[in-house]
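Have a look at the structure below, then the notes.
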Amino acid sequence: MRRGLKVIGYLLQKEFLQIFRNRGMLPIIFIMPFIQLVILSNAATFDVRNVPFHLQDMDRTALSARLAEQFTGSGWFNLTGESFSERKSVERLVAGQANVSLVIPRDFEKELMTRGEAKVQLVINAEDGFSAGVIQAYSNDIVRSFNRTLSSVLPNGLSHSGVGEIVVKSSAWYNPELVYSDYMVPGILVVLVTLVGLFLSGMNVVREKEIGTIDQINVTPMRRYQFITGKLLPFWIIGLGELTLGLVIARLGFHVPMLGSYAVVYLVAAIYMLVVLGMGLLISTLTDSQQQAMFIAWFFMVIFTLMSGLFTSIESMPHWAQNLTMANPVRHFVDIMRRVMLKGAGLAEISSPLLILTADAVLMLALAVNRYRKVSD
Amino acid sequence: MRPAIRIAGVEKSFGDTRALCSIDLSVATGELFGLIGADGAGKTTLIRILCTLLLPDRGKAEVLGYDSAAEYRSIRSRIGYMPGRFSLYEDLSVEENLRFFATVFNTSVEENYELIRDIYSQLEPFRTRRAGRLSGGMKQKLALSCALVHRPDLLLLDEPTTGVDAVSRKEFWEMLARLKEQGITILVSTPYMDEATRCDRVAFLQEGRLLAVDTPEGVTALFRAPLLAVSAREKHRLITELRAFPHARSAYAFGSSVHYADLRDEVSAAEIEAYLQSKGLRDLSVAPVKPGIEDTFMALMQEKGGCDE
């Protein structure tokens, strides 16, 4: 056993020597977290501002003008044009000169004054479903607040206020100010350690195949567990180091809160890295060149990231896709990171995704170790 | 004494390509054994089976008394293998490479320094240089040092001299001879026929089939047809004309002249000279010559290799 550890120790030393001699790779490993966090957290924002707004006011009354004012004065919408026919306003939407068009029908004021209710139509460009949702929410808000101002205008008996109107008031928990970076940074940290783990480990063994040293290693009495431990441990360490660097930047640079415990984060990360490294090793054993390995790793990386709930919420995916994400380790780690950092979840609260990750780790490593043979056939 | 290598009926195919067909071969302990053959003859496949990297489809290979399939672990700690392609870590230094291989074999450079001193002393001035920046001959010496660092009983060298300059090649064979004196059995493959004479015994491999296994002298003696060394001003046309001669067995370039073998038991230089003169070749010289080992190999290569017979 002592000898076994000595061999692993030397293999580790050799891997680190090689990693630190790789002048192309080293800066990337350490600069990547900065760039990813800074760019992704700041550039990709869910806020929708200055929406080009088109008005089709067929009523032309004081009340309709007042409603339109509510929109243009809200700060979210920019009036880019007015027209009096449906055809014209749709044309504007198609041409991209407006993303939303408010249609106030003829008799809007009259209906309100006599029956106490009237209808308006919002035509929203939903090419980008997410923005469309946000625009709709803004619009609903504006219409709601417009309703509240009506009591002073409407004839008695038609006003809803005073009759105990139910007002829905929402407040955001866990991220009360809806700070985008608070939400994104934990997820981006996951992508970061995944990148490092999957690519570095995926490239490593196949590189030994490419340069032929794998044959030299295979004829040595080195045992399979020694080889695999020696190959995975360096990247496990680098991955956790990368996470640490990312957490420091998140705390100091983005002031992302950390309500949970760092111990939980590291425990989960330690297990998660095993999943990723096992996958990398598996890719390495199935491919013959770094190019092939890169391609496959990239394929999984894209799918995992897009289906992780990092950029688009999992709840809005079709049912089959939601089920599919259960097999996605990135999804679970993103989920856990957000819960721990923003909600202060402890081990008990994250036990089920953590169990899935553990099972993934066992499965991946078993597959990879089984696929790696010191004898070819 | 039990042989260092015993191969019985070993066959290996890659898809539809038959790399080895029913090989039987035995290498004695302490022997310097040469495996001669052109590219694609099956040399590398055979060596990879012996160093337990490949499993034979059929047959059995015993290395140092251990079965190559069942007891590969016992074999691996006792052999030194040098693949055909330089395959050490180019981004590690000479010293780091050597220490790495010593450690994975559970030994240290110091423990077996005696054995490699001869070779490694030439590398010592470049101890801290990255292996990737060494010259071809130096790389080869480093690879040999790494294969020797755990004092193996058997060395398996796959084309160690391919792509190495003539001086380094000569030095390399001298190193092998000294290792043999230390009691290490060596199996070395090479496409260079002239290197055969440096071995105790050689095997000639052609398209997966062993065509001759003998001492260099024994292999040379296989060649019995009369042989002439012929030279003329136009060498290419000379070969064409010689091959067109009705009794020609073979004609091939050999150094600066052409070796011509006849199908008949006897041939006179005068007859050939007259024939060539009639074809208009000038500056002729024709003389009988004693066949060397390369002539045998050239003759063997005319024979059909391959597995179907």
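The values are calculated or read from the model by the stated rules, or taken from the named source; none is laboratory data. In this text, all values refer to a predicted model and were calculated from it rather than measured experimentally. Every residue, glycine as well, gets a Cβ built from its backbone with ideal geometry; the counts of neighbours run over all protein chains shown.
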Does any residue in the stretch A:1-26 that is assigned by TED's automatic domain parsing to the domain that holds A:TYR225 come within less than 6 Å, Cβ to Cβ, of a residue that is among the hydroxyl-bearing types (Ser, Thr, Tyr) six or more places away or on a different chain, and which pairs are these? A:ILE8/A:THR229; A:TYR10/B:THR103
Examine the stretch A:100-111 for a residue that is loosely packed, with under 14 Cβ neighbours inside 10 Å, under 24 Å from A:ARG49 (Cα atoms), assigned by TED's automatic domain parsing to the domain that holds A:ILE124 and within 32 Å of the chain's Cα centre (by Cα), and state whether such a residue exists. no
Checking A:LEU282, A:LEU277, A:LEU310, A:LEU342 in turn, the sole residue that is in a loop (DSSP other than H, G, I, E, B), at negative phi and either surrounded by 14 or more Cβ atoms within 10 Å (Cβ to Cβ) or not assigned by TED's automatic domain parsing to the domain that holds A:ASP182 (or both) turns out to be A:LEU310
Qualifying positions in the stretch B:111-146 - modelled with pLDDT of 90 or more, touching a strand residue (DSSP E or B) at 6+ places or on another chain (Cβ under 9 Å) and crowded, with 22+ Cβ neighbours inside 10 Å: B:ALA131, B:ALA143, B:LEU144, B:CYS146
In the stretch B:88-117, anything among the polar types (S, T, N, Q), more than 7 Å from chain A (Cβ to nearest Cβ) and in a helix (DSSP H, G or I) is listed as B:ASN97
Qualifying residue in the stretch A:354-367 (condition: in contact (Cβ under 8 Å) with a residue 24 or more places away in the chain and within 30 Å of B:SER13 (Cβ to Cβ)): yes
Could you check the stretch B:265-301 and list, in sequence order, the residues that are loosely packed, with under 11 Cβ neighbours inside 10 Å and either at pLDDT below 80 or closer than 18 Å to B:ARG243 by Cα (or both)? B:ASP265, B:GLU266, B:ALA270, B:SER278, B:GLY280, B:ARG282
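Go over the candidates A:THR213, A:THR220, A:THR244 one by one and state the one that is of a type in the set (Ser, Thr, Tyr), assigned by TED's automatic domain parsing to the domain that holds A:ALA297 and closer than 21 Å to A:ARG331 by Cα.
Values: A:THR213 fails: closer than 21 Å to A:ARG331 by Cα; A:THR220 fails: closer than 21 Å to A:ARG331 by Cα.
Checking each option against the conditions leaves just A:THR244.
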Filtered residue count, the stretch B:72-91, keeping only those that are in contact with a strand residue (DSSP E or B) (Cβ under 8 Å, 6 or more places away or on another chain) and polar (S, T, N, Q): 1
Matching residues in the stretch B:272-299 - criterion: being among the hydrophobic types (A, V, I, L, M, F, W, C) and free of Cβ contacts under 8 Å to residues at least 12 places away in the same chain: B:ALA274
Name, by its number, the condition in (1) in a helix (DSSP H, G or I); (2) within 13 Å of another protein chain (Cβ to nearest Cβ); (3) under 24 Å from the mean Cα position of the chain (by Cα); (4) surrounded by fewer than 19 Cβ atoms within 10 Å (Cβ to Cβ) that does not hold for B:ARG85. (1)
Yes or no: B:GLY183 among the small types (Gly, Ala, Ser), in contact with a Gly (Cβ under 9 Å, 6 or more places away or on another chain) and either at pLDDT below 90 or more than 30 Å from B:GLY218 (Cα to Cα) (or both)? no
Among the helices (runs of 4 or more DSSP H) contained in the stretch B:159-250, which hold 2 or more residues that are basic (Lys, Arg)? B:166-181, B:235-244
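Is it the case, given these coordinates, that A:LEU252 is at pLDDT below 90, in the same structural domain as A:LEU12 (by TED's automatic domain parsing) and under 22 Å from the mean Cα position of the chain (by Cα)?
yes
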